[in-house]
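Enquirer: Encoded as structure tokens, here's the structure I'll be asking about.
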Amino acid sequence: MSKFLKLPMPEEIEEDPLAGIANLFDVSVVFIVGLMISLFSVYRMGGLLNPETEVTMVLTSPNGDQEIITRKGTEIEAYRVTADAVSGGDGVRLGIAYRLPDGQVIYVPEVETDN
């Protein structure tokens, strides 16, 4: 059996102990890309990648502060909404918005009557 199977002596084996780290890095990059693609498809956020679409996001912190982020082309703007900004100002009532139990918001415009 020793004629056909010649194994090197342990002193002759030269193996880099860090050789497996490169493979782990490659696997992690593939995993991250796959996770990003699946998250974009699950949350239907493909519009974030398209430069021709306009995207608006509203972020609400646990203490109630809101931030509105808009993207038009390559320009991104962020607005912070505070209680002071919401509480004052002049304007005209345009309609009523209703939130349904499933979270959907329906806007019903008011019809002006000519008296």
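Enquirer: Where in segment 5-79 are there GluC sites (Glu not before Pro) that are in a DSSP coil and have at most 16 other Cβ atoms within 10 angstrom of their Cβ? Show your work: numbers first, answer last.
Expert: Working: sites: E11, E12, E14, E15, E52, E54, E67, E75, E77; in loops: E14, E15, E52.
Of the GluC sites (Glu not before Pro), the ones in loops of segment 5-79 whose Cβ has at most 16 other Cβ atoms within 10 Å are E14, E15, E52.
Enquirer: Could I have the simple spin-label model distance between F40 and R99, label points 7 Å from Cα toward Cβ, reported in nm to one decimal?
Expert: Taking the two extended label points, one gets 3.0 nm.
Enquirer: Now, a different point. Could you derive backbone 3J(HN,Hα) for segment 54-66 from the dihedral phi with the Karplus parameters 6.51, -1.76 and 1.60 (θ = phi - 60°), listing whole Hz in sequence and x where the residue is Gly or Pro?
Expert: With coefficients 6.51, -1.76 and 1.60, one gets 9, 10, 10, 10, 10, 9, 10, 7, x, 8, x, 6, 10 Hz.
Enquirer: How much length would be gained if the chain were fully extended between Y107 and D65, taking 0.36 nm per residue of separation minus their Cα-Cα distance, in nm to one decimal? Before the final figure, lay out the partial values.
Expert: Working: separation 42, 0.36 × 42 = 15.12 nm, distance 2.31 nm.
Contour length minus Cα-Cα distance gives 12.8 nm.
Enquirer: On to the next question. Amide H neighbours of V81 under 5 Å, at least 5 residues apart or on other chains, H built in the peptide plane: list them.
Expert: Residues meeting the criterion, in which the H sits 1.01 Å from N, are Q66, E67, I68.
Enquirer: Now for a different question. Which loop-located chymotrypsin sites (Phe, Trp or Tyr not before Pro) does segment 14-43 contain, where loop means any DSSP state but H, G, I, E or B and the Cβ has at most 13 other Cβ atoms within 10 Å?
Expert: Sites meeting the loop and neighbour criteria: Y43.
Enquirer: Using the beta-carbon distance between T56 and E15 and R0 = 35 Å, what value does 1/(1 + (r/R0)^6) give for FRET efficiency, to the nearest 0.05?
Expert: Numbers: r = 55 Å, r/R0 = 1.56.
Computed FRET efficiency for T56 and E15 comes out at 0.05.
Every number here is computed from the coordinates shown, using simple stated rules; none is lab data. These numbers come from a predicted model, not from an experiment. Heads up, the Cβs are rebuilt from the backbone with ideal geometry, glycines too, and the neighbour counts pull from every protein chain shown.
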